[in-house]
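Below is the structure I would like to discuss, written out as structure tokens.
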Amino acid sequence: MGRSAITADERAELERLRQIVSTGPTALVSIDEAGLITMWNPAAGLLLGWEEDEILGRPLTETLIPEEFRAAHTGGLARYLTTGRPSVIGHPVSLPALHRDGRRVEVELTIWPSWVAGQRHFYAFLRDTSERRAADERAARRTNALLSTIEAQRAVTLAAHDRDLSLRIVAEQAIAVFPAADGAAVELLGGDVLVYEAGAGTMIEYAGYRIPVNASLSGLAVTERTAVRCMDTQIDQRVDANACRRYNVRSLCIAPLYHGDRVIGVLKVASALPESFDEDDAHQLELLAAGLGSALMHADDYARNAALLTQRTRALEALEASETRFRLTFENSPLGLALSSLEPGSFGRYLQTNPAMTVITGYSAEELSRMSFRDLHHPDDVATSEDGLRRMLADGVDSLRGERRYLHKDGHVVWASVRIAVVRDAGAVPSYFVVQAEDVTAQRAADARLHQQAKLLELIPAAVIVRDFDGTIRWWNSGAGELYGWSASAARGKLTHALLSTTFAGEGSIEEQTRALAAKGRWEGQLQHLTATGRTLIVLSRQVVHQTADSEGPPQVLEINTDVTAARAAEQALALNEQRFRAQFTHSAAGQVIRALDGTLIAVNNAFARMLGRRPEDLVGRSIDEEVMRPDDMRDAHHQIAALFAGETDSYVHELQIQHADGHWVDVESTVSLVRDSGGRPKHLILVCSDTSARRTAERARDQAAAALAERNAELETANQLKLDILGMLGHEISNPLSAILGYSDLLAEEMPADTPNGRSIAIIGRQAQRLDDIVREVLAMVSIDTGTIHAVRQKMSLRGELEQALEDTPVPVFGEDVTILFHPGHLRQILVNLLSNATKYAGGATAVTIARAGDRVLLTVEDRGPGVPEEFRPRLFDRLTRAERDAGTVRGTGLGLYIVRSLAQANNGDVRHEPNPVGGSRFVLEADVA
């Protein structure tokens, strides 16, 4: 069957319905039989947060229905689809719905089914009931608050007889009135502060707490005379955020309490959550505070009246009880009591005495009633006693205390501790004396003994401490103060182990010490203590348990501590030294012996035993002087030991021979020292012996070699002198014929032409003779130098003038100003000739001569551009008879020239040195004194 077409009117009606659904204020939601959402209007989106395009087609149970209602919804839908019987359809129902953000929204929904085109749909109209429910809850809360206020006023009125109870009820009722409150307090004005008088809930523990009026939120409620709120204590500047955080308070509401028109305090409620109190709560709290203020003041008035009545009743009862107590106390007091007259005619007479007074004095009450203090006091104390009594009356002193001597009826003296008080009437007029006396005769004797014992303890040169079993110090002497640096008053009451930082020097603990004291009554050991200045002490502690004099108090410990720090350190040092000595003694490479005064060997090390070829154990306990020493050595040792005994020396060194076990003699060097005891008396000898056999053998070989060397040196000296003598003699013997040869060759050279054969021969003879003459001169100069016979008689002379003469045949440039020097003329000429001739022979001639002044010295430098002096030859350049290997085969010479030059310069207080020329060649520098 085909579907008929929708008319224009029907289409218009449908459009109107769609617009009503879309723009209407009521939320409309529809689902199909499967529970999927098929319609969602904008009002539903505003109510529940979902947009239409994201909610359509989703299951209703997973989006809008809370989990606890989903099963019921699913079951009800299935039941309706099966049976057709509705349970909630057509009836408004209030249920929570889930918002898109997860929160719950209270709604009222009405469900209608429909059947369209063969499909069943369900439509629900939802209305937000949150505001209505909030209004209902607010009305209910106000009603409950009014009822609670009435109940609070009734409860406070019933408790008006008890002010503290009234205050506590006010605080408790405040919590009952305001469900959001978890604490409440009543604060009453006390000057410029508010005092927490009562609390309830979380504020019950702050009773007595005070806060200032001018710097608190409570004070603001007092000064403004209105209720104030704090929504969050962590951001409100009017409250102390730290204190509120400490007390777990996040929001407050405070209203003033009135008595008539006067503010007497505040009523405060608090919550651990922020924003717990609204404006309605503030008005309600004001209403509650207004109703409770008068009730509190009524309770105060009732309490004051009741307290006044009670006070007066108690005063009467106390007076009666006081009279009874005084009578009973007077009669039964163990102390002597007496009433004494103040009247001028009977001043000091005893009006009434108790039995204890008769026991102290030996007189009966009747006898005492006829006596005064003048009859009872020792004659030496009467004037002092009377003066004290009269001064009490004159100066208005109420009481006087002291010790007086009473004369007992049998004649002996009784020491009494006396306290005298003036009793005055209601007008403050003195009525009589009350005398209280206690027999302290035995106590004074005991105190005297204790004082004597204390003085003895003070004199003990050790720390004496009296302490409880738990270590609490009760007394210590001056020795303890000096040892530990703490005064007795500072130490009293402290724990010894804490004050002195006690540790046990050996095995042990505080618990073991306590057990030993409890079991054996004594303990002894070494302790480590810390003084007030931080110094660590080792003490020998002796402790004993003693019972107090009354035998009823707990036992105490008498502790005597002796400082053994130095002794302990000395023992440790001695042990260490002993250990070191033993190690050194045993392992020393030198022989060591400890010898008794009678010659017995106390200890012998391995090195000494090896010197004798024996074992140490074979030598200890024996006297071996006669076995191993020569008689002469024994006699010398005897005299040396006598010097040690006499204190003339601390030790001596003895070289001797001792006999080895195989019979040969061993050279030794023995150092002997004397050890004395603490009294300075000789105790034993210590010998340190070194085997010097090898050294002595080497010394003998050295002496023999030295003797042979000395003999050989003497022979060489003789031969050298003979050589010098022969050289000198030959020089003189050769120089005479050589002079003749030179002279005649010069004459012949003048007569014969040089280009003839005879002329050339004569020239050769002249040159060779001249060379021989140079050699003779150098040899003679060397002999003079070696024999020390060269002498320089220095004269003033021009250095440049001498240079010009030496350079007559050699054109060499001279630089520098002329300087007058001190020099032997012949020596200077020989030095210049040698230096210039050396430059000619070895370097092709000098290239420059420089004169330079350096203070009181002059430097003459001869330069050349030759090959220079080989570097390896420079250290021997000025030695005699030495020549460089490079020049020995090409240049004639003796190797004496520079040796003679330096020797002549040094003889004239000068010197000659060589320097490499930076541009190549050599520089020879002559240094001489300026005239």
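Would you mention how many residues in segment 416-442 are open to solvent by 70 Å² or more (accessible area, probe 1.4 Å), touching a residue at least 12 places away in the same chain (Cβ under 8 Å) and either touching a helix residue (DSSP H, G or I) at 6+ places or on another chain (Cβ under 7 Å) or over 29 Å from PRO344 (Cα atoms) (or both)?
Summing the residues that are open to solvent by 70 Å² or more (accessible area, probe 1.4 Å), touching a residue at least 12 places away in the same chain (Cβ under 8 Å) and either touching a helix residue (DSSP H, G or I) at 6+ places or on another chain (Cβ under 7 Å) or over 29 Å from PRO344 (Cα atoms) (or both) in segment 416-442 gives 1.
If I go through segment 216-230 residue by residue, how many of them are open to solvent by 20 Å² or more (accessible area, probe 1.4 Å) and assigned to a strand (DSSP E or B)?
1
Report, by residue number, each residue of segment 813-832 that is of a type outside the set (S, T, N, Q), in contact with a Leu (Cβ under 8 Å, 6 or more places away or on another chain) and surrounded by fewer than 18 Cβ atoms within 10 Å (Cβ to Cβ).
Passing the criteria: VAL814, ASP818.
Considering only segment 870-885, I want to know if a residue exists there that is among the aliphatic types (A, V, I, L, M), open to solvent by less than 20 Å² (accessible area, probe 1.4 Å) and out of contact with any Pro (no Cβ under 9 Å at 6 or more places or on another chain).
yes
With respect to THR74, is the statement that it is free of Cβ contacts under 8 Å to residues at least 12 places away in the same chain, open to solvent by 60 Å² or more (accessible area, probe 1.4 Å) and assigned to a helix (DSSP H, G or I) true?
So THR74 fails the test.
Which numbered condition trips up LEU273, out of (1) under 20 Å from VAL170 (Cα atoms); (2) in contact (Cβ under 8 Å) with a residue 40 or more places away in the chain?
Only one criterion is unmet by LEU273, namely (1).
Check every one of the strands (runs of 3 or more DSSP E) wholly within segment 849-929 and list those with 2 or more residues that are more than 23 Å from GLU808 (Cα to Cα), outside the structural domain of ALA839 (by the TED database) and among the hydrophobic types (A, V, I, L, M, F, W, C).
none
For the condition assigned by the TED database to the domain that holds LEU165, within 17 Å of ALA171 (Cβ to Cβ), β-branched (Val, Ile, Thr) and surrounded by 14 or more Cβ atoms within 10 Å (Cβ to Cβ), what is the one hit in VAL249, VAL213, VAL263?
VAL249
Being among the hydroxyl-bearing types (Ser, Thr, Tyr) and surrounded by 16 or more Cβ atoms within 10 Å (Cβ to Cβ) is the filter here, so list the residues in segment 374-391 that pass it.
SER385
Condition check: open to solvent by less than 20 Å² (accessible area, probe 1.4 Å), under 13 Å from PHE924 (Cβ atoms) and not hydroxyl-bearing (Ser, Thr, Tyr). Does VAL858 satisfy that?
On the way: open to solvent by less than 20 Å² (accessible area, probe 1.4 Å): yes; under 13 Å from PHE924 (Cβ atoms): no; not hydroxyl-bearing (Ser, Thr, Tyr): yes.
In short, no.
Quick one: how many residues across segment 177-200 are free of Cβ contacts under 8 Å to residues at least 60 places away in the same chain and either in contact with a helix residue (DSSP H, G or I) (Cβ under 7 Å, 6 or more places away or on another chain) or buried (at least 18 other Cβ atoms within 10 Å of the Cβ) (or both)?
Final tally of qualifying residues: 4.
Next question. Tell me yes or no: at least one residue of segment 659-679 is at pLDDT 90 or above, under 60 Å from the mean Cα position of the chain (by Cα) and more than 17 Å from ARG595 (Cβ to Cβ).
Of all residues in segment 659-679, those at pLDDT 90 or above come to 659-676.
Okay, now just the ones that are also under 60 Å from the mean Cα position of the chain (by Cα), so 668-676.
Going one step further and asking which of them are more than 17 Å from ARG595 (Cβ to Cβ), we end up with none.
Scanning segment 659-679 turns up no residue that is at pLDDT 90 or above, under 60 Å from the mean Cα position of the chain (by Cα) and more than 17 Å from ARG595 (Cβ to Cβ).
If ASP809 passes every condition in (1) modelled with pLDDT of 90 or more; (2) in a loop (DSSP other than H, G, I, E, B) but one, which one does it miss?
(1)
Further question on the same structure: If you take the residues in segment 636-654 that are over 59 Å from the mean Cα position of the chain (by Cα) and surrounded by 11 or more Cβ atoms within 10 Å (Cβ to Cβ), which one is farthest from VAL675 (Cα to Cα)? Outline the logic, then answer.
Looking only at segment 636-654, we keep the residues that are over 59 Å from the mean Cα position of the chain (by Cα), and these are 636-639.
If we keep only those that are surrounded by 11 or more Cβ atoms within 10 Å (Cβ to Cβ) as well, we get 636-637.
Numbers: ASP636: 20, ALA637: 16 Å.
Across segment 636-654, the extreme among qualifying residues is ASP636.
Next up: For ALA589, all conditions in the list (1) in a strand (DSSP E or B); (2) closer than 24 Å to GLU699 by Cα hold save one; what is the number of the exception?
Just one mismatch for ALA589, condition (1).
Ok, one more. I'd like the full set of residues that are surrounded by 12 or more Cβ atoms within 10 Å (Cβ to Cβ) and under 22 Å from VAL440 (Cα atoms), limited to segment 325-351.
Hits for segment 325-351 are THR329, PHE330, SER333, LEU335, GLY336, LEU337, ALA338, LEU339, SER340, TYR350.
The values are calculated or read from the model by the stated rules, or taken from the named source; none is laboratory data. Since we're looking at a predicted model, the values are computed, not measured. Positions of Cβ are generated from backbone atoms using ideal geometry, with glycine treated the same way; all protein chains shown enter the neighbour counts. Areas reflect the complete protein model, heavy atoms only, side chains present, ligands, DNA and RNA absent. Shrake-Rupley method; radii C 1.70, N 1.55, O 1.52, S 1.80 Å.
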